[in-house]
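The values are calculated or read from the model by the stated rules, or taken from the named source; none is laboratory data. The model shown is predicted, which means the values in this text are computed figures rather than measured ones. Reconstructed Cβ throughout: ideal geometry from the backbone, glycine too, with neighbour counts over all protein chains shown. Surface areas here come from the heavy atoms of the whole protein model, side chains and all, with no ligands, DNA or RNA. Shrake-Rupley method; radii C 1.70, N 1.55, O 1.52, S 1.80 Å.
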Amino acid sequence: MKDIAIICAGGFGREVKMLIDQINEVEKKYNLLGYYDDVIAPSTIVNGYPILGRIETLNNISTELSTVVAIALPALKRKVLSKINNPLIVHPTLIHPNVIIGKDQVSIGEGCIICAGNIITVNIEIGKHIIFNLGCTLGHNTTIGDYCSFMPSVNISGEVTIYKDVFVGTGAQIIDHLQIGEGTIIGAGAVVHKSLPANCTAIGSPARPVKFHK
């Protein structure tokens, strides 16, 4: 079993703790030590496990440790990861045992979190540190950039390109043959019929940009 810690003990961090429990029920892979969190005081117990220290503490660890970044906001996720410069810190990908993944040309980068009920089909490229929350579907020939996050029940059709740092809200649907620009936010329940530019927030059905941000 590999020692592992969760970065951020918020609501999603506690769900990741559940994910690790469920993985271990099928095959004992991870020994969960606790959480690292910049907000909650060290030694606080969260769902049975302690806060081990602040995130910067990881740079002083002298033995190898797996960590999983349980932060949904792409920019914050990148910021936290940029603070870690200890080569002994590794970032495994966590995949729930009931996830369906096609056997034909599917690649998944490091540090991803793939929760229960996801279906990932064929000819798919998934970058690093991506979150697929509960019950998402991902169609053929789709490419997902680094640090993206998909909330529960997002449906992505085939031949979609999603660039890095995209956040997709609960229940959104992305129709086939589209591109979603870097840093864009898609609101909950949106239905995306046309490609979206970078750095916008899009809502509605059909989804339309309502504002732009840096």
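Mind checking which residues of segment 61-80 are assigned to a loop (DSSP other than H, G, I, E, B) and touching a Gly at 6+ places or on another chain (Cβ under 7 Å)? Within segment 61-80, Ala70 is the sole residue that qualifies. Looking at segment 20-60 only, could you name the residues that are assigned to a helix (DSSP H, G or I) and within 19 Å of the chain's Cα centre (by Cα)? Scanning segment 20-60 gives Ile20, Asp21, Gln22, Ile23, Ile55. You will find that of Leu32, Leu76, Leu52, the residue that is open to solvent by 50 Å² or more (accessible area, probe 1.4 Å) and free of Cβ contacts under 8 Å to residues at least 40 places away in the same chain is Leu76 and no other. Pairing each residue of segment 124-138 that is at positive phi with any residue that is among the hydroxyl-bearing types (Ser, Thr, Tyr) and open to solvent by 10 Å² or more (accessible area, probe 1.4 Å), provided the two are 6+ apart or on different chains, yields C-beta distances under 8 Å for His129/Tyr147; Gly135/Ser153. Number of residues in segment 170-179 that are more than 16 Å from Ile124 (Cα to Cα) and either outside the structural domain of Ile144 (by the TED database) or surrounded by 19 or more Cβ atoms within 10 Å (Cβ to Cβ) (or both): the value is 2. Only one of the numbered conditions (1) in contact with a His (Cβ under 6 Å, 6 or more places away or on another chain); (2) farther than 24 Å from Ile113 by Cβ; (3) not acidic (Asp, Glu) is violated by Ser195, and that is (1).
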